[in-house]
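Beneath this line is the structure, given in structure tokens, with notes to follow.
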Amino acid sequence: MTITCDVAVLGGGTGGYIAAIRAAQLGKEVVIIEQDKLGGTCLHRGCIPSKALLRSAELYAQMKDSASFGIEAGELTLVFPKVQERKQGIVDQLHKGVQYLMRKHKIRIIEGKGRVIGPSIFSPKSGAVAVEFADGEMETVVPTNLIIATGSRPRILPGLTPDGIHILTSDEALQLEELPGSILIIGGGVIGVEWASLLSDFGVEVTLVEAADQLLPAEDKDVAHELQKQLQRRGVNILTGVSVEPETYAIKGNRVQISARQGEDKLELSGDKLLISVGRQANVENIGLENTDVGLERGFIRVNEYMQTTEPHIYAIGDCIGGLQLAHAASHEGLTAVNHLAGATSYAYQESQVPRCVYTRPEVASVGITAKEAKDKGLKVNIGKVPFSAIGKALVHGETEGFVKMVADAQTNDILGVQIIGPHATELIGQAALAQLLDATPWEIGQAVFAHPTLAEIIGEAALAVDGQSLNT
Ligand code: FAD
């Protein structure tokens, strides 16, 4: 059977289903082809389940510290199966929400594995999708425009194949039925540091290994150092500039063992489990790209600023195009693609406007570029830096570690970037992103009235600090 439609979306993750909704809102007839569950990685194996676990871990850590707030709570018991049950309840509720949205917008869901086909009797152009169902039956979807949103999967180190018992990726770690006594985490990027934070808050002995000379290698050095200091204070063993040697991996007495190098030094590392968090690889194989002229670049689908591939009627969005592999980047790319293909007002996608959030304790968030990146581009910068210890609400919260750094172009006064480490950083960064989008200067942000006492005051203070006018530091 052949189904024709205006827009077909291959992959129903965050990028795909948001793109589908916007296309339906613009009056398009839309089909989503999904081989697994609507919601994709973010909902089932990423953002939502990991943040649910992080919230339990944060609460547990705070309750252990409740005496400092004058609350004697007695002995605490962590019931990990209940933690997992709560996590799954949240995922299931949101999954139902996505299904409801599809019905509301009359988006047709085709549950099967899709593969793009070349020009054929169905369509003179490539971009039709052959869908294979679990029972082996086939169907062909022929859209005017195709959006590829097939996402990504954990990158694996050769020789360290996840077995769900000793070697895990975040996919398996999210399904743990009980906590290990200790864990060795390879990779100190976003996923690695989030797991280090949450597991150490749950009382697991954590060793975190990063090959670069700082955690979160893409982020500001001061921020990364502050995060390292805070995690170390909580007992996380952090090794930077260290590369593991996968060929030395062995299991001895039910513990994993692996050698590593730090410069000339050889290290022997071990733990009850090994978590690999070394990035994510695009799902671009076996989806029929060889039947099209869609180009790849370093393993990701190549697109322009409107998400068009090298075949202009085929778009690609989300983790499969690389860049910032974040859920809100995927959905924003989806909106950009749909607005463009539908001829609606369409803004070119700008990665510099996408906030990057890390849900560790303390949280890290940033938008735009760092002072170092600005200087590398030959720009002169003014920097405003304010510690959370200067903010009354941070003291009330009992979380005074960290700071906000605002980087402005010394010549144009444009905000180039904002970096935050500290309480509710992932909420605060939204103000910086909005200010950047609206082209506000630090002086203009400094004129806004921030309620007292709020953590948001730190954004106003950092803006004033750019011109040396901070009032509370
Ligand atoms: P996906 O969500 O991966 O969806 C792709 C979909 O395509 C899947 O459902 C898949 O089944 C389907 N598919 C693939 N191939 C086919 C095919 N041939 N036929 C049919 N269907 C197919 N991002 C954040 O912004 N915030 C966070 O806090 C955050 N936390 C994360 C934590 C973890 C542990 C991980 C792993 C990721 C996290 N991310 C986070 C990243 C976020 O999950 C991804 O950026 C986001 O899911 C990408 O969306 P997507 O639509 O591109 O792909």
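Residue pairs whose Cβ atoms lie under 6 Å apart, sitting 6 or more positions apart in sequence or on different chains, and linking a residue in region 308-332 that is farther than 23 Å from VAL141 by Cα to a partner that is part of a loop (DSSP other than H, G, I, E, B) and more than 8 Å from the ligand (Cβ to nearest atom), are LEU324/VAL354; ALA329/VAL354. Restricting attention to region 45-66, the residues being near the ligand (Cβ under 9 Å from one of its atoms) and open to solvent by 30 Å² or more (accessible area, probe 1.4 Å) number 4.
Across region 75-104, what is the total count of residues that are open to solvent by 40 Å² or more (accessible area, probe 1.4 Å) and either part of a helix (DSSP H, G or I) or more than 23 Å from LYS64 (Cβ to Cβ) (or both)? Number of matching residues: 15.
Within region 164-185, residues that are farther than 22 Å from GLU245 by Cα and modelled with pLDDT under 95 have Cβ atoms under 7 Å from residues that are part of a strand (DSSP E or B) and open to solvent by 20 Å² or more (accessible area, probe 1.4 Å) in no pair, counting only partners at least 6 apart in sequence or on another chain. Here are some conditions: (1) open to solvent by 40 Å² or more (accessible area, probe 1.4 Å); (2) assigned to a loop (DSSP other than H, G, I, E, B); (3) at negative phi. ASN286 meets all but one. Which one does it not meet? All conditions pass for ASN286, except number (3). THR4 meets all of the listed conditions (1) of a type in the set (S, T, N, Q); (2) in contact with a Ser or Thr (Cβ under 9 Å, 6 or more places away or on another chain); (3) assigned to a helix (DSSP H, G or I) but one, namely (3). Listed by position, the strands (runs of 3 or more DSSP E) inside region 157-257 whose residues that are among the small types (Gly, Ala, Ser) number at least 3 form an empty set.
When you go through VAL449, VAL381 one by one, which is the residue that is surrounded by fewer than 22 Cβ atoms within 10 Å (Cβ to Cβ), at negative phi, of a type outside the set (Phe, Trp, Tyr) and out of contact with any helix residue (DSSP H, G or I) (no Cβ under 6 Å at 6 or more places or on another chain)? It is VAL449. Candidates ALA440, ALA465, ALA408: the one that is open to solvent by 10 Å² or more (accessible area, probe 1.4 Å) and without any contact (Cβ under 8 Å) to a residue 60 or more places away in the chain is ALA440.
The values are calculated or read from the model by the stated rules, or taken from the named source; none is laboratory data. The structure presented is a predicted model; accordingly, all values stated were derived computationally and were not measured. Because the Cβ atoms are built from the backbone with ideal geometry, glycine has one as well, and the counts that use them run over all protein chains shown. The area values use the complete protein model at the heavy-atom level, side chains included, leaving out ligands, DNA and RNA. Shrake-Rupley method; radii C 1.70, N 1.55, O 1.52, S 1.80 Å.
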